[in-house]
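Notes to accompany the following structure.
The values are calculated or read from the model by the stated rules, or taken from the named source; none is laboratory data. As the structure is a computational prediction, the values presented were derived from the model and not from experiment. Positions of Cβ are generated from backbone atoms using ideal geometry, with glycine treated the same way; all protein chains shown enter the neighbour counts. Surface accessibility is based on the protein's heavy atoms, side chains included, excluding ligands, DNA and RNA. Shrake-Rupley method; radii C 1.70, N 1.55, O 1.52, S 1.80 Å.
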Amino acid sequence: MLAVLAAAIAAAASPRPVADDHCRFPPSQTAYWRTAPKNFHTNAELLAFASRFNTYEIHVGFNIRVFHYLSRSRTGKKHKEFRSVPGATAEAFAALDFELVIDGAAVAPRPLVRDGHNHTLVVRFPVAARDGPETATLRASPRNTTTPWFEAVGVHVCDERDDASYDLAVCTQIMATDVEHRPDHLAVWLGYHFAQGADRAIVFVDVPPNLPADAWARLAKSVATRLGADAPRARLIAWRFIDKEFTTQQIAEQHCLYGRRGRARYVMVTDVDEFPVPRTGRVVDAARVTFSKPNVAAWRLLTKPCVLGRARGGVVAANHAANHAVAANQVANHAVAAPSRAAVYKRRRPVAAGPLWSAATCGEPEKQRAKLLFDPLRVDYISVHQATTPRGEVVSARNNIGTAVVLNHVRHHVHAAAGPAPGPPACLAPAWRAAWDAYARRAVSQDYAPGLVPRECGGGAAPSGCLPPRCAE
């Protein structure tokens, strides 16, 4: 009986499976801008998510930065028409009154907290029922009026409740083509963060809107099968937006923030080529010390540029530019157009994609490239490099000498003029080597795929895939 009870508790607390496509982002909806002629139907992807992160609230995330893009020289009838709509600005939209209609009854939101930069807007609606609804109608109207400016009908509400509590969660966003061609890279990134104390990882994967479910499952499985017992800790979300721009990254970060609020004590948002390196211990240990100080809301982690120390060679997998051209059948058939891949490396000198643990010595931290580790209860909005609405102090990792953490930015390319590529490093900085030692122990204990477990250099190990020794102090 005790064994059965323990298994039931473990199952209830376990995270969602890696391949998570039970809801669509953006959600299914029919959206209208009612002040436009003929009730203009907008596909601008203004409404990004409608999710139930906890039992008694529905969070609706708006991607209001699209207004900034729509005001520019965009092409296409929809965008041109949208620019002529009265009040179609981020500032005007954020000032509207919102209501959610559930089973014919209108629900007013909780007091709004607005993003100081007007990039995103998250509206929280209280709900009394423990279950449902599956769909709702969303309206936004000017104050003291009954005619909505914006209305979304048949909005699918995603149930994303997670009853578990944990210390550290990490979030990132990646292009589908990067997952397809470099699943090892993402798997190593995930395992590295698990070794640093992360309990959950949420990965927003930019996929074509019409990517078939079976193709998405294969894409996610290619990562899950590499992570062994750690696979359930990672959640890959199909981010099915038409426009693959800065806007969709911003709204993904708000989904990460509000989805982890009340669950994770700390949240870290970085890119898949950034690896946090603590001076001592693990990242989660440094976070506990830093956030034990009064009134700390966020921690800016400075980045250090690194280049993989491999001989010059073939071009690595396609990145952002290629993802614009990739179609559903291309992802399903594991094919990406060569011209798109070449465009990614225009003005760059590619180097072969060696193991991530063989990065050469990194440069000095870049102040302008900071990423965030924050307390989700003390931050309401973030952008890529800063907390735009903190309720407390934002400190820099450089100010915390005893618990310093920097991000090693491991690149597969260099921006400099053509010339000899760096060779493999003879040794690694002590903290960098210690972090990879922790990853190696994790990879072995959790039964990662053999190619993800680094080997010690020497003793006949091939220099292209081994872990260099620690440099002298």
Next on the checklist: Suppose we filter K367, K304 for residues that are more than 30 Å from P111 (Cα to Cα), of a type in the set (K, R) and modelled with pLDDT of 80 or more; which single one remains?
Outcome noted: K304
Next on the checklist: I want to confirm something. Restricting to region 275-295 and keeping residues that are in a strand (DSSP E or B) and in contact with a Phe, Trp or Tyr (Cβ under 9 Å, 6 or more places away or on another chain), which single residue is surrounded by the most Cβ atoms within 10 Å (Cβ to Cβ)?
Outcome noted: F275
Checklist outcome for this item: Inside region 409-456, the number of residues satisfying the requirement of being modelled with pLDDT under 70, closer than 25 Å to T270 by Cα and either open to solvent by 40 Å² or more (accessible area, probe 1.4 Å) or over 25 Å from the mean Cα position of the chain (by Cα) (or both) is 2
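Residues checked against (1) buried (at least 23 other Cβ atoms within 10 Å of the Cβ); (2) modelled with pLDDT of 95 or more; (3) under 26 Å from L47 (Cβ atoms):
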site	(1), (2), (3)
E245	no, no, yes
Q249	no, no, yes
Q254	yes, yes, yes
L257	yes, yes, yes
A264	yes, yes, yes
M268	yes, yes, no
Item to check | Test: R300 is under 17 Å from H385 (Cβ atoms), touching a helix residue (DSSP H, G or I) at 6+ places or on another chain (Cβ under 9 Å) and surrounded by fewer than 24 Cβ atoms within 10 Å (Cβ to Cβ) | outcome: yes
Checklist outcome for this item: Restricted to region 370-396 and to residues being surrounded by 17 or more Cβ atoms within 10 Å (Cβ to Cβ) and of a type in the set (D, E, K, R), the residue farthest from P183 (Cα to Cα) is R378
Next on the checklist: Residue pairs, Cβ under 6 Å, 6 or more apart or interchain, first in region 202-227 and closer than 25 Å to R260 by Cα and assigned to a helix (DSSP H, G or I), second among the aliphatic types (A, V, I, L, M) and open to solvent by 10 Å² or more (accessible area, probe 1.4 Å). List them.
Outcome noted: A217/A19; A220/V18; A220/A19; A224/V18; A224/A231
Checklist entry - If we keep just the residues of region 158-172 that are of a type in the set (D, E, K, R) and open to solvent by 30 Å² or more (accessible area, probe 1.4 Å), which is modelled with the lowest pLDDT? => result D163
Item to check | Boolean, V272 is open to solvent by less than 10 Å² (accessible area, probe 1.4 Å), touching a residue at least 12 places away in the same chain (Cβ under 8 Å) and of a type outside the set (D, E) | outcome: no
